[in-house]
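S.K.: Okay, here's the structure, questions in a sec.
Coordinate-derived values only; no laboratory data. Note that this is a predicted model, so its numbers are computed, not measured. Here Cβ is always computed from backbone atoms with ideal geometry, including for glycine, and neighbour counts include all displayed protein chains.
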């Protein structure tokens, strides 16, 4: 078995939504196809992935460094012990040749996207859904539940949006079967954001069904102002109130804000997550860490991050991978995490799950297609197939 080619393409998200810090009008993502000579059901196995959302396409690094290193390597050196499947960890080591320590985000997204595509191929070779492969290899083979808790990342700032529009959006999410929603804060003055929040609470009922996300917007003064104002609502969590590397401010907030805090989607290495827990004051009995594995060197490195968090006494129920896509769904299921995010209708063809996915009582049925199952997401798969046509 060998890798025949690796192809990538930048695709625009074509989104008009905004969070507190930026809009997505220029946002792109990298789509990757890892083409192998292994045949299943009469077709070569191809592994697919994309670099999640919120970070721009990273094809330059892939084309200039990482893809050539893989294709130059001895094919046998990239296989697992059986010689019949790829070994993503060996392939990441190949990509990391001649890379200087530190500066993770410059390369972690490019490497992580390729690595997740490799896992898609690995699971397809084994004819298993990726969540089952991950449970077998990284979670002691523990039995996976048939469904995974899933919440909505919504409540964005849209041009011309009214309070009624926001409430109608949240009603649609509840009608679709979700039991928890998240909304943006920080894009308007505090008094207006509180009016938005109170309007959403009228729909969802109580704070334990609602989280808020500031997308790293606040300095110390505003972070404390929002924390003080939000405290009485006892929200499910208050996400990214400050710069993701300002562990000192996060620790201060944890001392004065009793309800859960959440962060981590803008951390790209195991070392950064360890420092977050050590110095950010996060509390393992309530707070939430939201690393995005395709943006942080991929699944095998995420497994190492989880091992570090396990050793530091962190509960896996407090881990929710960022992303809102089929990649994060499989990762949440395979590693036995707290749940997954969902972005229905806001990231074009890149948001959501398989077309036949079913959500009931806030939980999503796990897909049984081999690999990640992009083949069951017709519009996205059409984009991916263009790489191998």
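S.K.: Evaluate E = 1/(1 + (r/R0)^6) for residue 283 and residue 176, where r is the Cβ-Cβ distance and R0 equals 30 Å; express this FRET efficiency to the nearest 0.05.
M.R.: Efficiency for this residue pair is about 0.40.
S.K.: As I understand it, the value is the acute angle between the Cα axis of helix 190-204 and the longest principal axis of the Cα atoms of the chain; what does it come to in degrees, rounded to 10?
M.R.: 70
S.K.: Per the helix-only calculation at 222 nm, which mean residue ellipticity applies to the chain, given -39500 (n - 2.57) for every DSSP H run of n ≥ 4 and division by its residues, nearest 500 deg cm²/dmol?
M.R.: -10500 deg cm²/dmol
S.K.: If you don't mind, there's one more thing I want to ask. What number, in percent, do you get for the relative contact order of the chain if the mean sequence gap of Cα pairs under 8 Å and at least 6 apart is divided by its residue count?
M.R.: 20 percent.
S.K.: To test your reading of the geometry: what angle, between 0 and 90 degrees and rounded to tens, separates the Cα axis of helix 299-311 from the longest principal axis of the chain?
M.R.: Around 50 degrees separate the two axes.
S.K.: Further question: What nm distance separates the two modelled labels at residue 100 and residue 39, each placed 7 Å from Cα along Cα→Cβ?
M.R.: 4.8
S.K.: Considering only DSSP beta bridges with both partners in the chain, what is the antiparallel share in %, to the nearest 5?
M.R.: 55
S.K.: For residue 360, put the label point 7 Å out on the Cα→Cβ axis and report which residues of region 308-344 keep their amide N under 14 Å from it.
M.R.: Under 14 Å, as judged by backbone N against the label point of residue 360, lies no residue of region 308-344.
S.K.: Which value in nm describes the separation of the simple spin-label points at residue 165 and residue 22, placed 7 Å from the Cα toward the beta carbon?
M.R.: Going by the 7 Å Cα→Cβ label model, 2.3 nm.
S.K.: Further, regarding this structure: For region 1-145, what does the relative contact order come out to in percent, with C-alpha contacts under 8 Å and a separation of six or more?
M.R.: Dividing the mean separation by the residue count of region 1-145 yields 24 percent.
S.K.: Another question, then. Determine the shape class of region 322-389: with a ≥ b ≥ c the square roots of the Cα gyration tensor eigenvalues, call it rounded for a/c under 1.5, and otherwise prolate if a/b is greater than b/c, oblate otherwise.
M.R.: prolate
S.K.: Classify region 137-373: rounded, prolate or oblate, from the alpha-carbon gyration tensor (a ≥ b ≥ c, eigenvalue square roots; a/c under 1.5 rounded; otherwise prolate if a/b is larger than b/c)?
M.R.: oblate
S.K.: Using 0.36 nm per residue of separation minus the Cα-Cα distance, give me the extension gain between residue 145 and residue 304 in nm, one decimal.
M.R.: 55.0 nm
S.K.: Among 300-306, 164-170, what's the highest-first ranking by average C-beta atoms within 10 angstrom per residue?
M.R.: Ranked from most to least packed, the peptides come out as 300-306, 164-170.
S.K.: In bins 10 Å wide, starting from 0, what share of all Cα pairs of region 3-127 does each bin hold, as a percent?
M.R.: In whole percents, the pair-distance histogram is 13, 41, 30, 13, 3.
S.K.: For region 68-171, just say rounded, prolate or oblate: build the C-alpha gyration tensor, square-root its eigenvalues into a ≥ b ≥ c, call rounded for a/c under 1.5, and beyond that prolate if a/b exceeds b/c, oblate if not.
M.R.: oblate
S.K.: Mind checking the full-extension length gain between residue 368 and residue 137? Use 0.36 nm per residue of separation minus the Cα-Cα distance, one decimal, nm.
M.R.: Residue separation times 0.36 nm, minus the Cα-Cα distance, leaves 81.4 nm.
S.K.: Compute the angle between helix 247-256 and the longest alpha-carbon principal axis of the chain, please, reported from 0 to 90 degrees and rounded to the nearest 10.
M.R.: The two axes meet at around 40 degrees.
S.K.: Could I ask something else about it? Residues in region 175-200 near a label at residue 222, defined as backbone nitrogen under 18 Å from the 7 Å Cα→Cβ point?
M.R.: 183-197
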